[in-house]
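Below is one structure, written out as structure tokens; comments come after it.
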Amino acid sequence: MASTTESVTAAAQEKSAPRKRSTLWGDLGAQAALLLLTAIVLFPVLWILAMALDPRDVTRPSSLIPPGASLEPFQRIFTKSFANGVSIWAALRNSLAVAGGTALVSALLGTTAAYAFSRFKFPGRQPGMLSFIVVQMMPAGATLAPLFVILSLIRFPSIHFAFINIEAGSLRTTLIGLAVAYASGALPFVIWNLKGYFDTIPKDLEEAAVIDGASSWQAFTKVMLPLSLPAFAVTLLFSFMAGWSEYLLAWTFLNDPSRFTLPMVLAGMVGQFSSNTRWSDFAALSIVMSVPVVTLFFLLQKWIVGGLTLGGVKG
């Protein structure tokens, strides 16, 4: 009897051994593929970093740590002015104002609109959602002309209060107008993402809050918004990125160098001929520009994963 049991056990071990080996090779293959993809993703970043450290101003660094590597390009971009007398600090302030305004407007309007599309039934609800898809499919340049005309027609008076001095003019030439233009392009994604997330939250939670004495607004702000933090984090990140890295509309709308943004400064560093361009400074500014977005991503990271997966469950 014992010999029979031992033989069965040995046979089972012989069958499981190939499975373990195949699983091991599968895991090793997956790890190798992930390492390869990681190297492919990081290579452009390392290339730009090598360009920023290379004092020879070349577009093809000889190695990841070029000979004579120096932080002088970073020192130059922080201490010297760019074309038209624009400093990196003024451009950084303008970019933060535009990107922050874009995120704020998109979050406020997108959240309320997405809640209405998710919870209320009204005429034109379905065509409205489809129209957002059409707008989202259009490239940014397609809406440049109508935005230019509309924002040029909107005028504002002079504002002089404390340290704020704004001369009268059209909304198009201001950072506020640029943020509004960016927000109009980010809203379709924001509404679709938040609407899909709101659809996954049971209505019973709001009904329970109303039964307990809460108003509809309180049910929205104290029940729905806290539960939708993951989708809200994704909304903030993508809206901020939309206003941070775009420069086509900025080049078209803004004409005052004191209102230039970082993408405009970066694009202006490229001369008509490559010999006129300080590529090490260009790479250094590119790295500096990525820091705020990366920082925001890590701050919102614990909510972003859930927001990206749950926001597309329903449409």
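Filter the range 169-178 down to the residues that are assigned to a helix (DSSP H, G or I) and either open to solvent by less than 10 Å² (accessible area, probe 1.4 Å) or free of Cβ contacts under 8 Å to residues at least 40 places away in the same chain (or both) and list them by number. Walk me through it before giving the result.
So the first thing to find is which residues in the range 169-178 are assigned to a helix (DSSP H, G or I), and the list is 171-173, 175-178.
Leu171, Gly177, Leu178 - these are the residues of the range 169-178 that are assigned to a helix (DSSP H, G or I) and either open to solvent by less than 10 Å² (accessible area, probe 1.4 Å) or free of Cβ contacts under 8 Å to residues at least 40 places away in the same chain (or both).
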May I ask you to verify whether Ala179 is under 14 Å from Ala107 (Cβ atoms) and of a type outside the set (Lys, Arg)? yes
The residue that is most open to solvent (accessible area, probe 1.4 Å), considering only those in the range 111-152 that are farther than 20 Å from Ser228 by Cα and of a type in the set (S, T, N, Q), is Gln126
From the option list Leu187, Leu108, single residue qualifying as under 25 Å from Phe232 (Cα atoms), open to solvent by 40 Å² or more (accessible area, probe 1.4 Å) and either modelled with pLDDT of 80 or more or not in a helix (DSSP H, G or I) (or both) is Leu108
Picked from the range 190-207 (must be without any contact (Cβ under 8 Å) to a residue 40 or more places away in the chain and not in a helix (DSSP H, G or I)), the residue most open to solvent (accessible area, probe 1.4 Å) is Pro202
Reported set for the range 39-88 where residues are among the aromatic types (Phe, Trp, Tyr) and open to solvent by 50 Å² or more (accessible area, probe 1.4 Å) is Phe43, Trp47, Phe78
Among residues of the range 239-261 being aromatic (Phe, Trp, Tyr), over 16 Å from the mean Cα position of the chain (by Cα) and not in a loop (DSSP other than H, G, I, E, B), the residue surrounded by the most Cβ atoms within 10 Å (Cβ to Cβ) is Phe253
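From Ser274, Ser280, which residue is in contact with an Asp or Glu (Cβ under 6 Å, 6 or more places away or on another chain) and modelled with pLDDT under 90? It would help to see each step written out before you state the result.
On the way: Ser274 fails: in contact with an Asp or Glu (Cβ under 6 Å, 6 or more places away or on another chain).
The match here is Ser280.
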Check your understanding: Can you spot a residue in the range 153-165 that is modelled with pLDDT of 85 or more, of a type outside the set (Val, Ile, Thr) and surrounded by 15 or more Cβ atoms within 10 Å (Cβ to Cβ)?
Key -> no
Only unsatisfied item for Phe120, checking (1) farther than 30 Å from Leu296 by Cα; (2) out of contact with any Lys or Arg (no Cβ under 9 Å at 6 or more places or on another chain); (3) in contact (Cβ under 8 Å) with a residue 60 or more places away in the chain, is (3)
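In the range 137-155, what residues are in a loop (DSSP other than H, G, I, E, B) and within 20 Å of Val190 (Cβ to Cβ)?
Let us first name the residues in the range 137-155 that are in a loop (DSSP other than H, G, I, E, B), namely 138-139, 154.
Result: Met138, Pro139.
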Going residue by residue through the range 12-24, is there one that turns out to be loosely packed, with under 10 Cβ neighbours inside 10 Å and at pLDDT 85 or above?
no
Note on Gly213: of the conditions (1) in a helix (DSSP H, G or I); (2) more than 12 Å from Arg119 (Cα to Cα), unmet is (1)
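The values are calculated or read from the model by the stated rules, or taken from the named source; none is laboratory data. Only a predicted model underlies this, so the values are computations on that prediction, with no experimental measurement involved. Reconstructed Cβ throughout: ideal geometry from the backbone, glycine too, with neighbour counts over all protein chains shown. Surface areas here come from the heavy atoms of the whole protein model, side chains and all, with no ligands, DNA or RNA. Shrake-Rupley method; radii C 1.70, N 1.55, O 1.52, S 1.80 Å.
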